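In what follows, a structure is listed as structure tokens, so that the remarks can point back to it.
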Amino acid sequence: MDAYVYLQVEAGSLPRVLAALSSKQGVRRAVGVIGEWDVLVHAEGPDLNAIVAVVLSELHQIPGVARSVTAPVVPADRIGVTGFGGPKPPPIIPDACYVHIRAAAGATAGIAERLADMADVAGVAVLGGSWDLLTCVAQPWEVASGVILEDLHAIPGVVATSTLVSLTYDEPEEERDQFSAWS
């Protein structure tokens, strides 16, 4: 099972939080973002209870983490999207845009399928929580903003969007170690 975890961090603590996340079990990848949140984390576990346990016992204990929200990924077969195992999940990468989409009632599956077929979309997930879908436009903001406004907003059933822009962030050399998973 997968989930996306959103973290707000205290001012000045982003480097320490990102370094700490790289060693946490259940964290596939994390990236600093600009927007309503400071860090976007892709977490995995055998079930939602295991992911929540990691968030509560591990992520909340990282110095500098002020707040979190966890959005579980809805399995593709639950919404009727099953072609080749369903759409690829949004990769967590620097210099990309993560677009949260609120869908009209009954439109989520159709939007997910349409997004999965778009060349500019690197992945899509149906979420539980405040937003119905999360998609990655793997382009810098200057390019992705056009894709979002011209292509994503034009999809029938899209009601609203909110975007997080991932940072190209290089960990300072003194904080990097030879065992860092993300070096």
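Structural remarks
- Given a 1.4 Å probe and the protein chains as shown, residue 38 ends up with an accessible area of around 50 Å².
- Extension reserve of the residue 61-residue 155 stretch, reckoned as 0.36 nm per residue once the Cα distance is removed: 29.8 nm
- Cα-based Rg of the range 2-82 normalised by 2.2 N^0.38 Å, two decimals: 1.11
- Shown is the FRET efficiency for residue 104 and residue 77, computed with R0 = 30 Å from the Cβ-Cβ distance and rounded to the nearest 0.05: 0.85.
- Of the residues 13, 166, 65, the one whose Cα sits farthest toward the positive end of the charge dipole of the chain, with +1 on the Cβ of Lys and Arg and -1 on the Cβ of Asp and Glu, is 65.
- Point-charge dipole on Cβ atoms (K/R +1, D/E -1) for the chain, about Cα centre, debye to 20: 500
- Of 119, 66, 50, the one that fluctuates the most in a GNM where the chain has Cα springs shorter than 10 Å: 119
- Directionally averaged shadow of the chain, computed from the convex hull of its alpha-carbon atoms, nm²: 10.5
- Build a GNM of the chain with springs between Cα atoms under 10 Å apart, and of 113, 150, 58 the one that fluctuates most is 150.
- In the elastic network of the chain, a GNM with C-alpha springs shorter than 10 Å, the most mobile of 12, 35, 110 is 12.
The values are calculated or read from the model by the stated rules, or taken from the named source; none is laboratory data. Quick caveat, the model's predicted, so the values are computed rather than measured. With ideal geometry, Cβ positions are generated from the backbone for all residues, glycine too; neighbour counts draw on all protein chains shown. The area values use the complete protein model at the heavy-atom level, side chains included, leaving out ligands, DNA and RNA. Shrake-Rupley method; radii C 1.70, N 1.55, O 1.52, S 1.80 Å.
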